[in-house]
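Contents: one structure, followed by commentary.
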Amino acid sequence: MGVTQHFLLAGLRALALMLAFFMAGAQANSDLSKFLTEVQVADIFPGATHLTETASTPPVAEAWADKKLLGYVYLNSDFVNSAGYSSKPIHILIGLALDGEIKGAKLVKHDEPIVLIGIPIARVNHFIDGYIGLNFIKNPPVGRMAPPVDIISGATVTLMVIGDSITRSSLLVARATSAASGQAAAAPKAKISIDTSQTDIQDWDHLLNNGSVSRMLLTNGDVNQAFKESGNLAAAEHPEPGDPDDTFIDLYTAQVSIPSIGRS
């Protein structure tokens with residue numbers, strides 16, 4: 001892993017922790033049940049005869065062919081951030097086989113202005129259909145994976161959000177349901193909890209050194225080098241202008257809901 005990737009990971013770890021709290025709230029208000037009533041079972045999971053919702057959190061539905069479990073159906077927005085330009089989730093029902101293969105994917109709700117006013121919904125659905133048949137457990141995405149269907153001009157951001165949410169959510173659901181092996185889930189790892197009784201105030205250097213505050217510092221040179229290493233030629237051909245040593249971003253993040261960090 002290069003220096004740039006280390007910087008990115010250090011800064012994003014804290015962001016991921018904070019986002020988890022927001023996602024927890026979204027999961028508690030899932031619309032999975034509602035959307036399942038609006039589609040035919042075979043449209044989201046070919047070969048399935050019926051769906052049975054589970055009591056899991058976030059919720060998933062089991063897809064059955066009579067008495068044989070085929071896989072699962074879930075809502076992408078219950079597992080990952082899927083907000084586009086509208087800042088509202090793009091909801092996609094996804095059928096996932098026991099081995100991790102995406103069996104179906106159907107857009108059920110969105111508020112994207114670019115789609116509402118200019119991009120035919122049929123073209124968006126065609127883009128989503130390109131993910132059917134892919135298996136990110138058997139063939140994990142490497143780096144910034146190119147989508148299986150060409151991006152529609154004028155809807156780049158929206159489709160990148162859609163593709164990313166399908167990819168990441170399928171991995172999360174496959175691992176959570178042991179879909180990768182079709183076997184029972186492994187024993188849970190020891191639970192890590194926060195000791196809220198610790199309220200001591202620490203100085204800035206101490207917070208940085210022990211990881212309570214994460215820093216992501218990138219120069220123009222770091223960003224341009226990352227583009228080159230990504231294999232994305234279009235991005236590499238448009239480097240960030242300016243001195244390579246100039247700061248591109250200097251970001252600090254901390255989870256201030258932890259008493260000691262917040263008070264400090």
Taking the Cα centre as origin and putting +1 on Lys and Arg beta-carbons and -1 on Asp and Glu beta-carbons, what dipole magnitude results for the stretch 28-139, to the nearest 20 debye? 100
Dipole of the stretch 55-117 (Lys/Arg Cβ +1, Asp/Glu Cβ -1, origin at the Cα centre): which of V73, L98, G84 lies farthest to the positive side? V73
Extended-chain gain in nm, criterion 0.36 nm per residue less alpha-carbon gap, A83 and S197: 37.4 nm
Give me the one-decimal nm value for the distance between modelled label points at E53 and R175, 7 Å along each residue's Cα-to-Cβ direction. 2.7
Give the accessible area for D205 in Å² (nearest 10); use a 1.4 Å probe, count only protein heavy atoms, and leave out ligands, DNA and RNA. 100
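About the Cα centre of the stretch 48-104, how large is the charge dipole given +1 on each Lys and Arg Cβ and -1 on each Asp and Glu Cβ? Please answer in debye to the nearest 20. Write down the numbers at each step before the final one.
Working: 4 positive and 6 negative charges, 22 e Å.
That gives a dipole near 100 debye.
The values are calculated or read from the model by the stated rules, or taken from the named source; none is laboratory data. Note that the structure is predicted; figures quoted are calculated from it, not measured. Backbone-built Cβ (ideal geometry, glycine too); neighbour counts: all protein chains shown. Surface areas here come from the heavy atoms of the whole protein model, side chains and all, with no ligands, DNA or RNA. Shrake-Rupley method; radii C 1.70, N 1.55, O 1.52, S 1.80 Å.
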